[in-house]
Amino acid sequence: MKTLLIVYRVLTFILLPIAAIFGFIDLSLLLMALANPAALLPVFAIACIVIYVFTSLSFLTKGIIGGRKCKPSLRDWIRVNAFVSIAFSALGIIEYITLINNKTVASEVIKQAMQHQTIPAGMSTAQLEQMLLSFLLFFFIFSVLLIIHIYMTFRLLKQFNYLFK
């Protein structure tokens, strides 16, 4: 039990700065997504991840550490945003595994991006492919940590259910 809380606390504080950065990025993406409604779905999913991390932090600090009662709506916010976060994280894991197993897919994505967008001068296809794989590795690690954190949150929500009454 005590080990679970220590690991949960560490994971929460690892995810927190990443979620804050995602929040700022999401605000700028929201402005671009207003011009392209198809881009609103990823913006919504990233917002759910940010909301999940901050609501789970609130549950940790106010409820578990502080021992204070929490509003039942906090539990609902955590649960709803956790489900969307799981779906988005699962997509990130699947994308990473797909690109690692089939390097030609990454090359095709880079070639299509180079045809449709202006790429900074001096950037080669190999450099762009390496950047894509590095970003996907980062998001893969983040997604795995997030899914572990969500699993632990659900266990703690059940264990500390009395805080929401």
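What follows is calculated from the coordinates using simple rules that are stated; it is not laboratory data. It should be emphasised that the depicted structure is a prediction, and the values quoted were computed from it without experimental measurement. Cβ atoms come from the backbone with ideal geometry, glycine included; neighbour counts cover every protein chain shown.
Of all the options E95, E108, E129, the one that moves most in a Gaussian network model of the chain with Cα springs shorter than 10 angstrom is E108.
Shown for L34, L133: other C-beta atoms within 10 Å of each C-beta, ranked fewest to most, produce the order L34, L133. Note that segment 71-78 has calculated 3J(HN,Hα) couplings of 5, x, 5, 5, 4, 5, 4, 4 Hz, one per residue in order, obtained from phi through the Karplus relation 6.51 cos²θ - 1.76 cosθ + 1.60 (θ = phi - 60°); glycine and proline are x. Each of S124, S89, S58 has some number of other Cβ atoms within 10 Å of its Cβ, and from fewest to most they run S124, S58, S89.
As an exercise, take the mean of 1/r over every pair of distinct alpha carbons in the chain, invert it, and state the Kirkwood radius in angstroms. Intermediate values should be presented prior to the final figure.
Values: mean 1/r = 0.0568 Å⁻¹.
Computed over Cα pairs of the chain, the Kirkwood hydrodynamic radius comes out at 17.6 Å.
Each stretch of four or more DSSP H residues adds -39500 (n - 2.57); spread over every residue of the chain, this sum gives -28000 deg cm²/dmol at 222 nm. A simple rule links phi to the HN-Hα coupling: the Karplus curve 6.51 cos²θ - 1.76 cosθ + 1.60 with θ = phi - 60°, which for segment 18-31 gives 5, 5, 5, 5, 4, x, 5, 5, 5, 4, 6, 5, 4, 5 Hz, with x for Gly and Pro. If the chain linking T3 and A38 were pulled fully straight, counting 0.36 nm for each residue of separation and taking away their Cα-Cα distance, it would gain 8.3 nm.
Taking every alpha-carbon pair under 8 Å whose residues sit at least 6 apart, the chain reaches a relative contact order of 30 percent. Each residue of segment 34-47 was assigned a 3J(HN,Hα) from its phi angle through the Karplus curve 6.51 cos²θ - 1.76 cosθ + 1.60 (θ = phi - 60°); the sequence is 5, 7, 10, x, 5, 7, 5, 5, x, 4, 4, 5, 5, 4 Hz, with glycine and proline shown as x. The relative contact order of segment 8-75 comes to 32 percent, based on Cα pairs under 8 Å that sit 6 or more residues apart. Each Lys and Arg Cβ is given +1 and each Asp and Glu Cβ -1; about its Cα centre, segment 2-164 then shows a dipole of about 960 debye. If R0 is 25 Å, the Cβ-Cβ spacing of T61 and L137 corresponds to a FRET efficiency of close to 0.25.
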